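J.: Could you have a look at this structure, given as structure tokens, before my questions?
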Amino acid sequence: PYLRYQSGYQQSWSGEIGLGVPTSPFGGPQYFDCVRLFRSNNGLLTLFAGDGNVVWNITQTSTNGGPGTNWGTWSQVPGTKITQFDAIKQSNERFALLSVNAGTSIDQNIQNSVGGTWGGWSNVGGGGFLKVDGGQLSDGRLYLFGNGLGSSEWLKYQSSVGTWSGSWTNLGTNVF
């Protein structure tokens, strides 16, 4: 991935800044089909990138020298067979990942601490999904939308922080 930035409001864009490429655990070139970029409250950028099997993460170490400089190294979020994902920056600055696994159900993984280790994948359920999108409600609960080819959009949310509701809501709309 490459990053470009503006030096100010409505200013011209910088040249492309390469963030490097992690080494694929399976050999050969590394390609990303899904990327998500976030700014933390301290101003540092964090990028998540998925290759259809694993999710990678890289974070700025400081903002000195302007955007696009001072990046750490790529790290792989534990787990494989992640066909598609969405990252959520929670109000507590920790990230949650929602993913579609190779079995087409949805899993989640949440950071134990800001910038820290991951708690491990747990299954949220469902089946036949190709895509997941999620977010956080103002009270801290997560929600997700899942859909598959030619199927309805489905909604699931946490009944309390950390506990997913038992049922899915069919929103009745074919997305793709």
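Taken together, the values in this text are just the output of simple stated rules run on the coordinates, not laboratory data. Worth saying up front: this structure is predicted, and the values here are computed from it rather than measured. Positions of Cβ are backbone-derived with ideal geometry, glycine not excepted, and every protein chain shown enters the neighbour counts.
J.: If you plug each phi of the stretch 148-154 into the Karplus form 6.51 cos²θ - 1.76 cosθ + 1.60 with θ = phi - 60°, what whole-Hz ³J(HN,Hα) values come out, in order, with x for Gly and Pro?
T.: Values per residue, Gly and Pro as x: x, 4, x, 10, 6, 7, 10 Hz.
J.: Next question, about the same structure. Using a Gaussian network model of the chain whose springs link C-alpha atoms within less than 10 Å, name the residue from Glu153, Glu16, Glu93 with the highest mean-square fluctuation.
T.: Between Glu153, Glu16, Glu93, it is Glu16 that shows the largest mean-square fluctuation.
J.: What FRET efficiency, computed as 1/(1 + (r/R0)^6) with R0 = 35 Å and r the Cβ-Cβ distance, is obtained for Ser40 and Ser165, rounded to the nearest 0.05?
T.: After rounding, the FRET efficiency stands at 0.75.
J.: Shifting gears a bit: Can you order the peptides 75-88, 2-15 by their average number of other Cβ atoms within 10 Å per residue, highest first?
T.: Taking the mean over residues of other Cβ atoms within 10 Å, the ranking is 75-88, 2-15.
J.: State log₁₀ I(q)/I(0) for the chain at q = 0.08, 0.15, 0.19 Å⁻¹ as given by the Debye formula over alpha-carbon point scatterers of equal weight, solvent excluded.
T.: -0.27, -0.91, -1.28
J.: Restricting to Cα atoms and excluding each atom paired with itself, what does the Kirkwood estimate give for the stretch 95-152 in Å?
T.: 12.2 Å is the Kirkwood radius here.
J.: How much net charge surrounds Leu97 when only the other residues with a Cβ under 9 Å from the Cβ of Leu97 are counted, with Lys and Arg +1 and Asp and Glu -1?
T.: Summing Lys/Arg as +1 and Asp/Glu as -1 gives -2.
J.: Something else now. Taking θ as phi - 60°, what are the ³J(HN,Hα) couplings along the stretch 158-169 by the Karplus curve (6.51, -1.76, 1.60), each to the nearest whole Hz, with x for Gly and Pro?
T.: Here the 3J(HN,Hα) series is 7, 6, 8, 4, x, 10, 7, 4, x, 10, 9, 10 Hz.
J.: Nearest 20 debye, what's the magnitude of the dipole of the stretch 1-154 about its Cα centre given +1 on Lys and Arg Cβ and -1 on Asp and Glu Cβ?
T.: So the magnitude is around 180 debye.
J.: Report, ordered by chain and residue number, the aspartates and glutamates lying within cross-link reach of Lys156, taken as a straight Cα distance under 13 Å and ignoring same-chain residues fewer than 8 apart.
T.: Asp107, Asp133
J.: Let me ask something additional. Size of the dipole of the stretch 88-173 about the Cα centre, Lys and Arg at +1 and Asp and Glu at -1 on the beta carbon, nothing else charged, in debye to 20?
T.: The calculation lands at about 40 debye.
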